[in-house]
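The values are calculated or read from the model by the stated rules, or taken from the named source; none is laboratory data. Predicted model, so just to flag it, every value in this text is computed and none were measured. As a convention, Cβ positions derive from the backbone with ideal geometry for all residues, glycine included, and neighbour counts pool all protein chains shown. Accessible surface areas use protein heavy atoms only, side chains included; no ligands, DNA or RNA. Shrake-Rupley method; radii C 1.70, N 1.55, O 1.52, S 1.80 Å.
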Amino acid sequence: MKSYIVGNWKMNFSVGESSVYLHKLLQKTRAFRDIEVVVAPSTIALQPLSLQIDRKKIRLAAQSANAHDFGAYTGEVSCTQLRGIVDYCIFGHSERRHLFHETTKDIRAAVSAAIRNQITPILCLGETATERTFGETYDVLRDQLLSGLSEVSSEDIHKVIIAYEPVWAISTTSEAHLAAPDDVSEVVQFLRQLLTDTYGKKIATSIPILYGGSVRPSNAGAYLTIPEVNGLLVGGASLIADQFIEIIETAKRVKS
Ligand code: PGA
């Protein structure tokens, strides 16, 4: 299976800055068959960047999208509008769940809207620190995974990507809050088993599972070498082109 290195720029960079960054990335990365490099800029930058991008090297993702195709939803952008502009869209990111109160129902509808519009959904899952402390991690993840995918038909289920991002490990500067690769490994094996039990082994092994949570050049290799981890979702470190490039290079080394 391919590895995916996804940079989530969140609400950073003007359109001009996004374009300069992309230019640098295009210059410095070579197409590599086994690695898909994806960047997720702000919505406002997606259309201009889609004209600049070389899809053999880099693909675009939206950071969120509304489940409805059109209509009276002020401030929203739909998968129908993003169709042809992006190849991927992130759904269920912890910031969307916790800061913008997106519900499981919103997320599952948006995941199926993405598939309907030929956009690959990257469904994020993750437990909070409190849920972890109370031993609820696996229940939370089971619920987020199964309900997030519940409107996807069995023929389409292989088109999704899962990203495990423990909320407590996102954007942390403290080493103590980084997820230990052994812990990530256990969770990812649990997710793979859950996919197997629900959709069968063939489909389960074709669904990429990414890890995200304070991934940096210094720890990318450790996460990428966990069996069953098929890539990384990178936030903070993806804002610095050199760091993101270093992570891509690490992925290439791990793959070859
Ligand atoms: P981080 O962000 O790498 O800054 O922790 C990851 C994410 O939120 O997707």
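Using a cut-off of 19 Å between Cα atoms, the listed pairs LYS159/LYS201; LYS105/LYS202; LYS28/LYS56; LYS28/LYS57 include LYS105/LYS202 as exceeding that distance. Given the options ALA163, ALA176, ALA109, which has the most mean-square fluctuation in a GNM of the chain, springs set between C-alpha atoms less than 10 angstrom apart? Top of the fluctuation ranking is ALA176. Can you work out the PRE-style zone for SER256? Point 7 Å along Cα to Cβ, and I want the residues of segment 6-39 with backbone N under 14 Å. Residues passing the 14 Å test: 29-35. Listed by chain and number, the aspartates and glutamates placed with their C-alpha closer than 13 angstrom to that of LYS252 are ASP34, GLU36; residues fewer than eight positions away on the same chain are left out.
Select from ARG55, ARG142, ARG30 the residue whose mean-square fluctuation is largest in a Gaussian network model of the chain (Cα-Cα springs shorter than 10 Å). Judging by the Gaussian network model, the answer is ARG30.
For the pair ASP54 and GLN118, the difference between a 0.36 nm per residue extended length and the Cα-Cα distance amounts to 21.2 nm. Segment HIS23..SER153, full-extension length gain: 43.0 nm, with 0.36 nm per residue of separation and the alpha-carbon distance subtracted. Loop sites here are chymotrypsin sites (Phe, Trp or Tyr not before Pro) outside DSSP states H, G, I, E and B with no more than 12 other Cβ atoms within 10 Å. The longest part of the chain free of them is 135-256.
Averaged per residue, what accessible area in Å² does segment 2-123 show with a 1.4 Å probe, protein chains only?
Working: 5870 Å² over 122 residues.
I get 48 Å² per residue for this part.
What residue among ILE107, ILE53, ILE209 shows peak mean-square fluctuation when the chain is described by a Gaussian network model with Cα springs under 10 Å? Among ILE107, ILE53, ILE209, the largest mean-square fluctuation in the Gaussian network model of the chain belongs to ILE53.
Over the chain, what per residue volume does the convex hull of the Cα atoms give, in whole Å³? Mind showing how you got there, number by number?
Working: hull volume 30.8 nm³, N = 256.
Residue-normalised Cα hull volume stands at 120 Å³.
Were the residues from HIS68 through ASP183 laid out at 0.36 nm apart, the gain over their Cα-Cα distance would be 37.7 nm. From helices alone, the chain scores -12500 deg cm²/dmol at 222 nm; the rule is -39500 (n - 2.57) for each run of n ≥ 4 DSSP H residues, then divide by the residue total.
What does the charge count near VAL167 come to, summing +1 for each Lys or Arg and -1 for each Asp or Glu among other residues with Cβ under 11 Å from its Cβ?
Values: positive: ARG97, ARG132; negative: GLU95, GLU127, GLU131, GLU165.
So the environment of VAL167 carries a net charge of -2.
Normalised by the number of residues in segment 3-255, the mean separation of alpha-carbon contacts (under 8 Å, six or more apart) gives a relative contact order of 20 percent.
Hey, any idea what % of segment 3-255's accessible area is carbon plus sulfur with a 1.4 Å probe? Please report the intermediate quantities before stating the final value.
Working: 5940 of 11460 Å².
Carbon and sulfur atoms account for 52 percent of the accessible area of segment 3-255.
For MET1, the solvent-accessible surface with a 1.4 Å probe is about 100 Å², rounded to the nearest 10.
Shape analysis of segment 39-93 based on the Cα gyration tensor places the equivalent ellipsoid semi-axes at 20, 11, 9 Å, largest first. With distances taken between every two different alpha-carbon atoms, segment 189-228 has a Kirkwood hydrodynamic radius of 11.3 Å. When the P(r) is computed for segment 211-256, the part past 11 Å accounts for 60% of the Cα-Cα pairs.
Do any GluC sites (Glu not before Pro) in segment 109-185 lie in a loop, going by DSSP, with at most 16 other beta-carbon atoms within 10 Å of their beta carbon, and if so which?
Numbers: sites: GLU127, GLU131, GLU136, GLU151, GLU155, GLU175; in loops: GLU127, GLU136, GLU151, GLU155.
Counting only loop positions with at most 16 other Cβ atoms within 10 Å, the GluC sites (Glu not before Pro) in segment 109-185 are GLU136, GLU155.
Counting heavy atoms of the protein chains alone, HIS68 has an accessible area of about 90 Å² for a 1.4 Å probe.
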